[in-house]
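One structure is given here, and the rest of the page talks about it.
The values are calculated or read from the model by the stated rules, or taken from the named source; none is laboratory data. Keep in mind the model is a prediction, meaning the values are calculated, not measured. With ideal geometry, Cβ positions are generated from the backbone for all residues, glycine too; neighbour counts draw on all protein chains shown. Side chains are part of the model used for accessible areas, which takes the heavy atoms of the whole protein and leaves out ligands, DNA and RNA. Shrake-Rupley method; radii C 1.70, N 1.55, O 1.52, S 1.80 Å.
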Amino acid sequence: MAEPERRPEAQVTEPTPSVSETPDSVEMEAEPSVSDQPAHLHSRRTSRPTRTTKRYEVSDDYEVDPTYHKRQKKKYLIWSGLGLLGLLACIFLYFKLTRVTMPDFTGKPVTEARAWGVKHNLDFALEQEFSLDQDVNQVISQAVKPGKSVKKGSTVNLVVSLGADPDEVLALPDFSKMTTAQAEKWIADHKAENLILKREFDETVAADRFIRLDITSSGVTSQDYKRGNKATLYYSRGQEKLEKNIEIPDFAGKTKTDVEAWAKKNELKVTYTDQANETTPIGNVLSQSLKPGDKISKKDAFEVFISAGKGVAVPDFATLSPDVAGSAPGLTVTVKYQFNPNLRYGTLISQSIEAGKQLTEKESKNVVVIYSQGMPYLKDLRGKNASELAKYFFDEFQSRSAEVTYETYWVDSAQPRGTVVEQSEYETPIPMAYHVYLGVSNGAWASHVPTTVNQQTPAGGATAPSQTDLTAPAEEAVANQVHP
């Protein structure tokens with residue numbers, strides 16, 4: 001195959017330079033005048049100063065910007081500043097995420113510091129000590145000063161208050177020379193929290209003056225009083241001015257609990273009396289001593305009667321004979337007698353519970369009734385043994401309000417020794433106060449030896465003067481004994 005015919009290479013004709021190349025600087029040709037230039041060039045530039053050219057002549061279509069370098073420098077500075085700001089932002093963000101500024105917790109509760117520590121990933125190590133300046137669980141000091149930066153995750157030491165030392169001995173002042181305000185200030189200054197100041201009304205001590213100091217801790221005196229000991233300091237509020245400004249409500253139909261709540265609210269002491277009642281429920285109010293709407297003060301008496309349910313009515317024993325009185329239904333009746341010359345036998349003298357009262361289930365049903373036995377009557381005591389006389393006179397007379405006493409003397413008799421053989425009066429009514437003489441046999445068959453014996457009964461009878469002229473020594477000891 002025949003080779004293709006090669007085409008001759010095209011010759012590139014270099015454009016003729018507009019500026020002649022000279023080894024040395026030459027003076028440029030004078031520019032044509034403005035009038036000789038085309039109109040579009042004349043609009044772009046009006047004049048061009050004559051200058052020496054470089055190696056190559058610049059085309060008239062390009063123009064050099066004199067602010068280029070300034071703009072490039074400004075751009076560099078801006079980017080450099082932005083880079084520096086970014087770096088600072090990264091450093092700030094790092095410190096923000098890894099460190100925190102410590103606040104001032106002095107004088108604040110430790111719980112506030114702990115809450116802040118949990119929020120900022122910081123732990124606290126606590127050391128406790130007594131302090132008069134800070135209350136219990138308040139921060140006394142901190143290891144890191146306020147405003148300093150601390151790394152998160154680290155531990156900061158805090159000194160926390162235990163309050164005032166309870167075992168410290170306090171020198172108690174003379175409170176009698178101090179007013180209430182001065183005593184309160186002393187308690188606050190010395191943190192004596194167990195020394196309680198109370199004010200109460202007093203009729204004799206002026207207001208705001210000292211009344212007394214009661215130290216309730218056992219074995220503690222005012223000389224060795226410690227802060228932890230309990231005591232109460234009383235100061236006067238002066239005389240209480242009572243006004244009748246408490247209005248009595250109507251308690252009818254209300255319960256005892258309602259009355260107690262009202263009395264407690266108004267600081268009143270109400271007396272409650274139970275009464276038997278068949279219709280009102282137990283515990284409800286039956287009546288009240290003051291009318292609704294009346295006004296009372298704190299110290300006025302106020303009584304409320306409360307239903308105790310069905311009860312037992314006490315009869316009027318004056319309408320019952322002594323034999324019937326003992327069998328009153330629902331009651332345990334004890335019947336007694338007393339001599340009374342002004343009342344006939346069987347007349348009621350008294351009963352221990354008034355007639356008509358309804359006894360509740362809580363009350364005793366024992367009733368003592370006393371009836372009159374009329375005038376005392378002295379029986380014949382001859383034949384009785386002298387040892388029975390004391391009991392007889394007590395049961396028969398003295399227990400029934402009659403002051404009947406007796407005296408004994410020895411009598412020579414064939415009767416057994418100690419037998420009453422003589423009596424000054426017998427089988428006869430006697431007055432309420434009477435004295436009886438009784439002769440007691442000495443058991444001897446000898447002739448009568450007159451003997452006068454000084455006797456006195458336990459009931460308090462008068463002592464009768466007597467003389468004794470006994471021939472038998474054994475009878476002398478018996479003759480002077482006292483017979484009740």
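Couple of notes before you dig in:
- Hits in the range 91-132 - residues which are in a helix (DSSP H, G or I) and either open to solvent by 90 Å² or more (accessible area, probe 1.4 Å) or aromatic (Phe, Trp, Tyr) (or both): Phe92, Leu93, Tyr94, Phe95, Lys96, Leu97, Thr111, Arg114, Trp116, Val118, Lys119
- Search result, residues across the range 167-180 that are without any contact (Cβ under 8 Å) to a residue 24 or more places away in the chain and of a type in the set (Asp, Glu): Asp174
- Of all the listed residues (Ala183, Ala164), the sole one being of a type in the set (Gly, Ala, Ser) and either without any contact (Cβ under 8 Å) to a residue 60 or more places away in the chain or in contact with a strand residue (DSSP E or B) (Cβ under 8 Å, 6 or more places away or on another chain) (or both) is Ala183.
- Restricted to strands (runs of 3 or more DSSP E) entirely inside the range 203-287, those with at least 2 residues that are open to solvent by 50 Å² or more (accessible area, probe 1.4 Å) and closer than 30 Å to Val312 by Cα are 271-275.
- Failed item, numbered, when Gly461 is tested on (1) in a loop (DSSP other than H, G, I, E, B); (2) at pLDDT 90 or above: (2)
- Condition broken by Tyr406, with the remaining ones in (1) free of Cβ contacts under 8 Å to residues at least 60 places away in the same chain; (2) outside any helix (DSSP H, G or I) satisfied: (1)
- Within the range 102-116, residues that are free of Cβ contacts under 8 Å to residues at least 24 places away in the same chain have Cβ atoms under 7 Å from residues that are of a type outside the set (Val, Ile, Thr) and open to solvent by 30 Å² or more (accessible area, probe 1.4 Å) in these pairs: Trp116/Pro103, counting only partners at least 6 apart in sequence or on another chain.
- Taking the listed residues Tyr426, Tyr392, the one that is aromatic (Phe, Trp, Tyr) and out of contact with any strand residue (DSSP E or B) (no Cβ under 7 Å at 6 or more places or on another chain) is Tyr392, with no other qualifying.
- All conditions but one from (1) closer than 26 Å to Ala308 by Cβ; (2) at pLDDT 90 or above; (3) open to solvent by 60 Å² or more (accessible area, probe 1.4 Å) apply to Gln351; the one that does not is (3).
- Matching residues, the range 174-199, being open to solvent by 40 Å² or more (accessible area, probe 1.4 Å) and farther than 15 Å from Thr232 by Cβ: Asp174, Ser176, Lys177, Thr179, Ala181, Gln182, Lys185, Ala188, Asp189, His190, Lys191
- Test: residue in the range 358-380 that is open to solvent by less than 50 Å² (accessible area, probe 1.4 Å), aliphatic (A, V, I, L, M), closer than 22 Å to Tyr434 by Cα and not in a strand (DSSP E or B): no
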